[in-house]
1. Filter the stretch 47-59 down to the residues that are farther than 16 Å from MET82 by Cβ, at pLDDT below 90 and open to solvent by less than 80 Å² (accessible area, probe 1.4 Å) and list them by number.
2. Please determine, by comparing only the residues of the stretch 1-35 that are surrounded by 12 or more Cβ atoms within 10 Å (Cβ to Cβ) and among the small types (Gly, Ala, Ser), which one is nearest to SER90 (Cα to Cα).
3. Please enumerate the residues belonging to the stretch 36-46 that are under 12 Å from the mean Cα position of the chain (by Cα) and either open to solvent by 50 Å² or more (accessible area, probe 1.4 Å) or among the charged types (D, E, K, R) (or both).
4. Find the residue count for the stretch 31-54, including only residues that are small (Gly, Ala, Ser) and either free of Cβ contacts under 8 Å to residues at least 12 places away in the same chain or in a loop (DSSP other than H, G, I, E, B) (or both).
5. Every residue in the stretch 1-30 that is of a type outside the set (Phe, Trp, Tyr), part of a loop (DSSP other than H, G, I, E, B) and under 16 Å from ARG84 (Cα atoms), please.
Amino acid sequence: MNVTPIDAQCTGWRDGKMVGIYYPTFQTMKVRKSRNELTILCSAYGYKDAKIELQANRPEWRTPVSDQVDYLAGTLSPYDSMIRIDMEKS
């Protein structure tokens, strides 16, 4: 993730539960793969709060039976690996 300003605090939410925290030092937020939408909320002093919603990417099937089971369980669909959030000054 690339978030501006660098000191923003961001959290990831799925189905009303927090599933990830943004680490600005490493510019990452680690979340489990899922076929469900991921909402990222960011806040920083002097900036308007930012909210983005990510849809899981559809997987490419490797072996039909095992991939279908993983997809139905929600463990196969990754989100975009690079996210950019530019927050507006308030």
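1. PRO59
2. ALA8
3. To start, the set of residues in the stretch 36-46 that are under 12 Å from the mean Cα position of the chain (by Cα) comprises 36-42.
Result: ASN36, GLU37, LEU41.
4. Applying the first criterion (small (Gly, Ala, Ser)) to the stretch 31-54 yields 34, 43-44, 46, 50.
Now drop any that are not either free of Cβ contacts under 8 Å to residues at least 12 places away in the same chain or in a loop (DSSP other than H, G, I, E, B) (or both), which leaves 34, 44, 46.
Looking only at that region, the number is 3.
5. Of the residues in the stretch 1-30, the ones of a type outside the set (Phe, Trp, Tyr) are 1-12, 14-21, 24-25, 27-30.
Then drop every residue that is not part of a loop (DSSP other than H, G, I, E, B), which leaves 1, 5-8, 15-16, 24-25, 27, 29-30.
Those that are of a type outside the set (Phe, Trp, Tyr), part of a loop (DSSP other than H, G, I, E, B) and under 16 Å from ARG84 (Cα atoms): MET1, PRO5, ILE6, ASP7, ALA8, PRO24, THR25, GLN27, MET29, LYS30.
The values are calculated or read from the model by the stated rules, or taken from the named source; none is laboratory data. Since the model is a prediction, treat every value here as computed from it, not as a measurement. Positions of Cβ are generated from backbone atoms using ideal geometry, with glycine treated the same way; all protein chains shown enter the neighbour counts. Note: areas computed on protein heavy atoms with side chains; ligands, DNA, RNA excluded. Shrake-Rupley method; radii C 1.70, N 1.55, O 1.52, S 1.80 Å.
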